[in-house]
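Take a look at the structure set out below.
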């Protein structure tokens, strides 16, 4: 079966079992080019497991994953990232003893193969300066460029992580609960960063904040107990009785999440 031309990521019958427990079961998902697509559902629905499968952190028990029509099922995480699919995590992943600018510069070095030689002469690194400054400006951290990352408030650390993700120039960004732990002001800031980042790229996000999902996502897939329960825009999803029931009754956690 040929994928529709507008699809950038597809999963077909994607399943994952852990010692007999089926965390994800027959999930078929289509993420279209240059859209913000949200993956939502109650705790234990399998959302993060789907992320881990798409990004190569887990190998599926069954099913296929396609990127731009190419089968990438079973590729390791670094190979998936090199194809242009980059993810962020629920916990901020930055180097706390490095400055804000150094964190971004290190991310810019990664595609060059020089990431682990960031101590080289300043003249060699100078060409990266304008891009570092542009990224810091884009996420509102220009004034913090020389501050150790450890000293940033939590919401600003998430903004820095966002900048380092953008530095990799991904074609697809997978965001795992980008609003987790943020205050109201930071939620608004990160939401606008996501909207800006979506220009010219695709974003697939797991998010519990349904107000943010309604604000950003053009299409939403709802998972429950590892299966696709519903799909559509926010109006259709929020009016779906099965979705309402899943959220009211869906409080069970599982280790696979």
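Where a number appears in this text, it was derived from the coordinates with a stated rule and is not lab data. Being a predicted model, the structure only gives us computed values, none of them experimental. Here the Cβ is made from the backbone with ideal geometry for all residues, glycine too, and neighbour counts use every protein chain on show.
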Query raised in the report: Fully extended, how many nm does the chain gain between residue 138 and residue 71 (0.36 nm per residue separation, minus their Cα-Cα distance)?
Result: 20.7 nm
**Report entry** Contour excess over end-to-end distance, with Cα ends at residue 78 and residue 34 and 0.36 nm allotted per residue
**Finding:** 13.6 nm
Query raised in the report: Of all DSSP beta bridges located in the chain, what percent are antiparallel, nearest 5?
Result: 55
Query raised in the report: Say each of residue 240 and residue 214 gets a label point 7 Å from the Cα, pointing the same way as Cα to Cβ; how far apart are those two points in nm?
Result: 1.7
Query - Exposure proxy ranking, count of Cβ atoms within 10 Å, fewest first, for 47, 157 - result: 157, 47
Query raised in the report: Roughly how many Å is it from the Cα centre of the stretch 140-160 to that of the stretch 17-56, as a whole number?
Result: 31
Report summary line: For 15, 28, ascending order of other Cβ atoms within 10 Å (fewest first) is 28, 15
Query raised in the report: Considering every Cα-Cα pair within the chain, what fraction, in whole percent, is farther apart than 27 Å?
Result: 38
**Report entry** Gain upon complete extension [residue 26, residue 59; 0.36 nm per residue less C-alpha separation]
**Finding:** 10.4 nm
Requested in this report: Describe numerically, in nm with one decimal, the distance between label points set 7 Å from Cα along Cα→Cβ at residue 131 and at residue 154.
Outcome: 3.2
Query raised in the report: When a footprinting reagent is the concern and you count Cβ atoms within 10 Å, what order do 162, 51 take, fewest first?
Result: 51, 162
